[in-house]
Amino acid sequence: MIRRRLRRALGRARDLVLGPPDISIVDELIRRDRRWETFLCVTEYVNYEAVPGDILEFGVFTGKSLALFAKAQSFDETGSSRRLVGFDSFEGLGASVDDHARWRPGDCARSHGWHPLLREGDPVTPAATRALFEACGLPAPELVVGPYRETVPATIGSKVTEAALVHVDCDLYEAARDVLFGIEPALQDGAMVLFDDWFHYKGDPNKGEARALREFLSAHPHWEAVHYRSYGVFCNAFIMHRRETPA
Amino acid sequence: MIRTRLRTGVAAARDVLLGSPARAPLESLLGMDRRWPLFLDAMSYVNAQRIPGAIAEFGVYGGISLALLAHAQAVTAAGLARRVLGADSFAGLPASGDEHPRWRRGAFATNLWWHPTLAVGEPVTADAVRALFTACRLPEPDILSGLFHESLPPVIPSRYPELALVHIDCDLYESTCDVLEAIAPALQDGAMVLFDDWFLFKGDPTKGEARALREFLARRPEWAAAQYRAYGTCCNAFILRRR
């Protein structure tokens with residue numbers, strides 16, 4: 001609380017001396033991302049409902065959505081402090097049983113689309129995400145580098161024991177399954193789980209992230225996924241409710 | 001066309017001479033409330049569908065959402081006049097069987113957040129709601145004070161025989177049950193029912209407003225609920241159809 005006030009006071013003093021900054025990089029990220037309103041709502045939800053734990057993202061890519069979560073969390077007025085942990089192989093997509101019209105193994109190893117610091121084709125690295133956070137004036141996130149089936153079991157239960165907000169943005173069935181099954185011991189009652197690629201595969205519920213969640217729920221009958229909302233172009237959000245007696 | 005331009009020109013000249021006016025309370029509300037787009041869509045829906053009846057809110061608190069709904073009605077009315085009813089105990093939350101990490105009995109008896117005409121900590125009253133409507137230049141709403149199970153049966157359906165849009169913002173399972181039972185005789189086929197606190201209790205479907213609607217539908221098979229959309233941080237909207 002005091003630290004936040006101090007930061008605000010310092011920011012104001014700096015603006016008085018140097019003049020107000022141009023439209024900041026983080027404002028530009030917000031303006032260009034259609035998922036922002038939902039990111040605001042879900043962070044407000046976990047904070048208001050006092051769901052304990054970290055914000056986890058699986059599929060960091062160039063760090064834009066991770067930075068938006070950090071920004072959304074910075075608006076919290078309830079005083080909850082949450083760690084931000086991003087997981088990625090930083091080597092692009094793995095292989096999958098599902099065929100997608102656009103995705104090939106190794107895709108997403110290089111930047112595509114607008115990015116405030118990276119050019120089209122620049123390699124996607126943990127350093128690039130750290131640089132983006134610095135440029136946005138956000139505290140550095142923790143990044144866990146490697147394939148999910150290795151990094152998730154090595155992290156969940158030790159470094160990460162409680163997950164409140166989970167952004168699953170790894171496109172493929174196999175990756176989403178490894179993530180969901182891997183985070184289960186840390187998943188909190190009422191946790192919000194966002195799937196960035198839910199309606200890919202032409203909305204086929206037997207492929208991709210939709211299949212991974214269905215299999216997770218049948219393997220864990222005490223978890224219920226309460227639909228929160230669909231948003232953006234392909235995305236869908238659920239609240240994970242822990243039943244007192246398994247279904 | 002010419003008249004609009006003239007009016008814009010006169011307003012611009014006035015602002016240059018006198019300084020631009022402070023932002024009106026209503027505009028501040030529109031800018032600050034994330035539910036406004038849904039309120040506008042929901043009122044457009046009941047007006048386009050010609051669903052007859054009043055707008056009723058249960059859980060008025062400082063009156064912000066009631067004012068937004070009244071304004072949404074004013075801009076989408078298309079010739080339909082609707083009464084605006086707000087019901088609240090103005091004594092904060094009653095007791096509940098469900099536990100919430102932030103709510104205690106009596107919570108919300110005073111204003112807790114930004115409000116255009118009430119300071120933080122001031123008591124929430126029927127007069128404060130009327131004052132907000134005056135400041136927003138909205139016609140005075142009907143305000144009903146008291147616990148729902150006592151205050152609603154004497155006026156619904158006798159004074160309010162038809163309800164087109166219902167905003168349930170009373171947080172608790174018990175209060176929501178009382179509201180749904182009381183409004184059932186007046187609820188119109190195709191009415192829009194907004195639940196402000198749907199995903200609270202960590203999204204638990206066996207608590208709060210979600211439980212109350214599920215039980216209402218089970219008790220009254222003549223009603224079916226079609227989800228319209230989730231909105232805001234914790235809210236969900238349904239169209240209630242009479243089978």
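The values are calculated or read from the model by the stated rules, or taken from the named source; none is laboratory data. The model shown is predicted, which means the values in this text are computed figures rather than measured ones. Reconstructed Cβ throughout: ideal geometry from the backbone, glycine too, with neighbour counts over all protein chains shown.
Here are the numbers for this structure:
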{"item": "Residue in segment B:183-201 that is of a type in the set (A, V, I, L, M, F, W, C) and surrounded by fewer than 21 Cβ atoms within 10 Å (Cβ to Cβ) present", "result": "yes"}
{"item": "Residues satisfying the stated conditions in segment B:203-224, i.e. touching a Lys or Arg at 6+ places or on another chain (Cβ under 9 Å) and within 14 Å of another protein chain (Cβ to nearest Cβ)", "result": "B:D204, B:P205, B:T206"}
{"item": "Looking only at segment B:228-243, and only at residues there that are more than 19 Å from B:L163 (Cβ to Cβ) and part of a strand (DSSP E or B), the one that is nearest to the other protein chains (Cβ to nearest Cβ)", "result": "B:A230"}
{"item": "Which listed residue is more than 14 Å from every other protein chain (Cβ to nearest Cβ), of a type outside the set (S, T, Y) and touching an Asp or Glu at 6+ places or on another chain (Cβ under 8 Å), from B:L163, B:L172, B:L187", "result": "B:L172"}
{"item": "Residue that is farthest from the other protein chains (Cβ to nearest Cβ) [pool: residues in segment A:201-235 that are in contact (Cβ under 8 Å) with a residue 40 or more places away in the chain and over 20 Å from A:W103 (Cα atoms)]", "result": "A:Y231"}
{"item": "Failed item, numbered, when B:F195 is tested on (1) within 14 Å of chain A (Cβ to nearest Cβ); (2) over 21 Å from B:R83 (Cα atoms)", "result": "(2)"}
{"item": "Residue in segment A:106-117 that is surrounded by 14 or more Cβ atoms within 10 Å (Cβ to Cβ), under 20 Å from the mean Cα position of the chain (by Cα) and either aromatic (F, W, Y) or part of a helix (DSSP H, G or I) (or both) present", "result": "no"}
{"item": "Pairs with Cβ under 6 Å, 6+ apart, first in segment B:22-50 and within 14 Å of another protein chain (Cβ to nearest Cβ), second not in a helix (DSSP H, G or I)", "result": "B:R34/B:G232; B:R35/B:G232; B:L38/B:Y231"}
{"item": "B:T110 within 30 Å of B:K202 (Cβ to Cβ) and touching a Pro at 6+ places or on another chain (Cβ under 7 Å)", "result": "yes"}
{"item": "Test: residue in segment A:183-194 that is free of Cβ contacts under 8 Å to residues at least 60 places away in the same chain, within 14 Å of chain B (Cβ to nearest Cβ) and either more than 23 Å from A:H112 (Cα to Cα) or touching a Pro at 6+ places or on another chain (Cβ under 8 Å) (or both)", "result": "yes"}
{"item": "Failed item, numbered, when A:G182 is tested on (1) at pLDDT 95 or above; (2) over 17 Å from the mean Cα position of the chain (by Cα)", "result": "(2)"}
